[in-house]
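Reviewing the structure listed below.
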Amino acid sequence: MSEFIISDALTFVTVVDEGSFAAAAKKWLISSSVVSKRIGRLENHLRAQLIQRTTRSMALTESGQLFYTRWKRIKGEISDAEMDVMQHQQQPRGLLRINAPVSFGQVHLVSAVNDFIQLYPEIQLELILGSQYAGFIYNGLDLSIFIKELPNSPLLQYRKISERSRSGVYASPAYLKRFGTPEKPEDLVNHNCLLYQSEPGIAFNLGQSLNWSFVENEKKIEVPVKGNLRINSNPALVKAAVAGIGLAKASNFLVTEELKSGGLIEVLSTYREREIDIHAAYPKQRYLPFKVKLFIDFLIERFRTDAYWNKD
């Protein structure tokens, strides 16, 4: 069925409902001659006369009455479908599938999701924590949180959630009182550095060093560090640092509460690496689903303030 036949049929229903070609033309914001042309084209397509016309009146033929009854119902279903979509956009509901890095998800996103669901109980939310999906569109995800360089993909769009992601070195007051505060990255050779073990299945030598990155005079430098504890969980490293075991290098979003409470203190702040923006990535489409837009707006409002991130 061509798009012309659909528009012609809907015009026919309007003619019958309004009682004249002129009234239907006014309803459609077209001329009476265009209405007449559409009805003639429809009758030619059906090979049946639908309306008996005189200069003063019009009446439906038997075929016209049958066609009107069917298409009156179809027009109503189209209107109902339009209303359903509009209401669905304005009253968020349905499944929202989100992917985020494990650490950020555990520390910040879970609590955000809990608050979001309280506001919008009709939305069902699935939170998948782990490395970003290379092709998350094909995994049926609505949204993914990126805290790294953004992929250059024509299939994705991005919105900035926050500018607060940066890597720093943190220690407890008790540790610094006992072992002193490092003044420059090279001082870390005299400290116990807690290390992230990305591949826990591989054996390692506790005496083996890893490199921590810093920026000095606008240039990146690598400093070898050692320690007596390695963990494959960044939140666990933060807890170890709070306990006074050593220094931990972690993204600042992992230590928000610890900095506020005084459980950790940042050191070597003048040597921080550059900030990395936190983005929400979602499939490029003409109309962004309202539930996705609503969640992104919620995250931006939550994470954009200094009060959320800073200890003061």
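The values are calculated or read from the model by the stated rules, or taken from the named source; none is laboratory data. The structure presented is a predicted model; accordingly, all values stated were derived computationally and were not measured. As a convention, Cβ positions derive from the backbone with ideal geometry for all residues, glycine included, and neighbour counts pool all protein chains shown. Please note that ligands, DNA and RNA were not included when accessible areas were found on the heavy atoms of the full protein model with its side chains. Shrake-Rupley method; radii C 1.70, N 1.55, O 1.52, S 1.80 Å.
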Exercise. Can you find even one residue in segment 189-197 that is at pLDDT below 90 and either within 16 Å of Ser103 (Cβ to Cβ) or of a type outside the set (Gly, Ala, Ser) (or both)?
Worked result: yes
Exercise. What residue, among those in segment 241-275 that are among the hydrophobic types (A, V, I, L, M, F, W, C), more than 16 Å from Thr181 (Cα to Cα) and surrounded by 17 or more Cβ atoms within 10 Å (Cβ to Cβ), is modelled with the lowest pLDDT?
Worked result: Phe253
For this session: State whether the residues of segment 28-50 include one that is free of Cβ contacts under 8 Å to residues at least 12 places away in the same chain, closer than 19 Å to Ser79 by Cβ, among the acidic types (Asp, Glu) and part of a helix (DSSP H, G or I).
Result: no
For this session: For Leu129, state whether it is at pLDDT 85 or above, open to solvent by less than 50 Å² (accessible area, probe 1.4 Å) and within 24 Å of Asn252 (Cα to Cα).
Result: no
Exercise. Do we have Tyr282 as within 30 Å of Pro92 (Cβ to Cβ) and open to solvent by less than 40 Å² (accessible area, probe 1.4 Å) here?
Worked result: yes
For this session: Taking only segment 158-172 into account, find how many residues are open to solvent by 60 Å² or more (accessible area, probe 1.4 Å) and of a type outside the set (Ser, Thr, Tyr).
Result: 3
